Amino acid sequence: MKRITILGVTGSIGANTVDVVEKLGAEQFHTVAVTGHANIDGLADAARRLGAEVAVTADPARLEDLRAALSGSGIDAAAGPDALVEAATRPVDWVMSAIVGAAGLAPTLAAIRQGATIALANKECLVAAGDVVLAEIKQHGARLLPVDSEHNAIFQLVAHETTPIERLLLTASGGPFRTWSMEQMAAASPKQAVAHPNWSMGARISIDSASMFNKALEMIEAGHLFEVTPDQIEVVVHPQSIIHSMIGYGDGSILAHLGPSDMRVAIGYALAWPDRPELPVDRLDFAALAKLDFEAPDEERFPALRLAREAMAAGGLTPCILNAAHEIALDGFIAGQIGFLDMARLVEDTISSIGSTGRASQLDDVLAADAQARRVARDLIARP
Ligand code: NDP
Ligand code: MG
């Protein structure tokens, strides 16, 4: 029986993970811990469905509500950031890392330190602290299986290849504003930005798809996961989201991974790996699809891609600063404090106002840079 923990069980990836566990047969798994934040009923429901040992909310103020929601189940309740780390430390074979944002870093590192297999959806971990995360994985003999659909696709493609990669082609849907003018984008509301054309995801990553900050983070993520330099990573806009990414080799061949726009494929692959599971997801119908479109991204309307390339070139703590400033920018946009296009400006201004950075070799360096970038970005938002 595989012992598993799901960090961020109440989110979109978390719910899909619960579904995949149930589809593959809940009796094959023993769930140790599940975690959430504000959604206490969802957390208790997931814990009961999976028969978890412990359910943890990140918010200490919600502990009593969680206890009440779990009453009679025999499932332990805990709360707060330390309890998240304690839950991730409990011995398991497999951990789904699906907390959103840098809040996922500490529990993911705890899971890495126990040497578990980490199914990584939380890309912010790698963007903010890629070098630290990868060093810890090596040190503790943990294994990383990427869940982000593009990286999962590439991971599937490279599984049987020993030839060096010439280029990685990350596909991007282009999001809901792919054809919008600069003026329309400047006036876009969070509600419009959250309406992703193909994927059903959490609110934050959906808005990041509209700004292409999601792809920007994914470029940095790919740089850490695969042996490529930043100039080997290209972004291709592919509105149908059928090709999940591609690899080019030196003989001109391109290998592509295709499938339905359903995160359960990537989650199932990570859960059953090295086997491939049987999943009740849609099968592609090429006659119905008829055609697949491609275009180059417009970096004037989507400056996030340029910012990612520049951050990768700068290296050190700059990607961490980009990630933290972006989280603050996203909070500001959701709260109506700044406009849609202001997000990229705020990230760029935060990076340039901090200037050159040191190396990202210690977790403390990363946490300090993250905190500094959040402070600077908040100050910039508050400036009249
Ligand atoms: P959601 O917003 O749907 O879920 C986020 C999860 O994190 C929830 O369980 C939420 O709890 C929890 N959470 C929020 N804030 C905190 C906090 N401060 N401390 C601890 N836990 C917290 O996000 P998604 O599922 O969409 O995304 C999760 C991660 O996976 C992100 O990093 C995203 O970029 C990545 N990803 C997602 C994809 C998708 O299809 N959704 C695709 C590829 C990558 P609660 O809801 O209870 O408040
Ligand atoms: Mg993705």
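Leu289 - would you say it is loosely packed, with under 15 Cβ neighbours inside 10 Å and over 24 Å from Ala121 (Cα atoms)? Yes.
Every condition in (1) under 13 Å from Ser149 (Cβ atoms); (2) within 16 Å of ligand 1 (Cβ to nearest atom) holds for Leu258 except the one numbered (2). For beta carbons closer than 6 Å, sequence separation of 6+ or different chains, a first residue in region 93-110 that is part of a loop (DSSP other than H, G, I, E, B) and a second that is more than 16 Å from ligand 2 (Cβ to nearest atom) and charged (D, E, K, R), the qualifying pairs are Asp93/Lys2; Asp93/Arg3; Gly101/Glu327. Within region 134-176, the residues that satisfy the criterion of being more than 16 Å from ligand 1 (Cβ to nearest atom) and touching a Lys or Arg at 6+ places or on another chain (Cβ under 7 Å) are Glu136, His140. Among the residues here, Ile118 does not qualify as farther than 25 Å from Trp273 by Cβ, crowded, with 17+ Cβ neighbours inside 10 Å and touching a Lys or Arg at 6+ places or on another chain (Cβ under 9 Å).
Does Glu136 fit the bill of being closer than 15 Å to Ala304 by Cβ, in a helix (DSSP H, G or I) and in contact with a helix residue (DSSP H, G or I) (Cβ under 6 Å, 6 or more places away or on another chain)? No; evaluated as a whole, the condition is false for this residue.
Answer yes if at least one residue in region 285-292 is more than 17 Å from Gly174 (Cβ to Cβ) and in a loop (DSSP other than H, G, I, E, B), and no otherwise. Yes, because at least one residue in region 285-292 is more than 17 Å from Gly174 (Cβ to Cβ) and in a loop (DSSP other than H, G, I, E, B). Could we say that Pro197 is within 16 Å of ligand 1 (Cβ to nearest atom) and under 21 Å from Asp293 (Cα atoms) here? For Pro197, the condition - within 16 Å of ligand 1 (Cβ to nearest atom) and under 21 Å from Asp293 (Cα atoms) - is met. Under the condition of being touching a Ser or Thr at 6+ places or on another chain (Cβ under 7 Å) and within 16 Å of ligand 2 (Cβ to nearest atom), which residue from region 116-152 is farthest from Ala88 (Cα to Cα)? The selected residue is Glu150.
Does region 197-213 include one or more residues that are surrounded by fewer than 19 Cβ atoms within 10 Å (Cβ to Cβ), in a helix (DSSP H, G or I) and free of Cβ contacts under 8 Å to residues at least 40 places away in the same chain? Among the residues of region 197-213, not one is surrounded by fewer than 19 Cβ atoms within 10 Å (Cβ to Cβ), in a helix (DSSP H, G or I) and free of Cβ contacts under 8 Å to residues at least 40 places away in the same chain, which makes the answer no.
Read the figures in this text as sums done on the coordinates, not as results from a lab. Owing to the predicted nature of the structure, the values given are computational and were not obtained by experimental measurement. Note: ideal-geometry Cβ built from the backbone for every residue, glycine included; neighbour counts use all protein chains shown.
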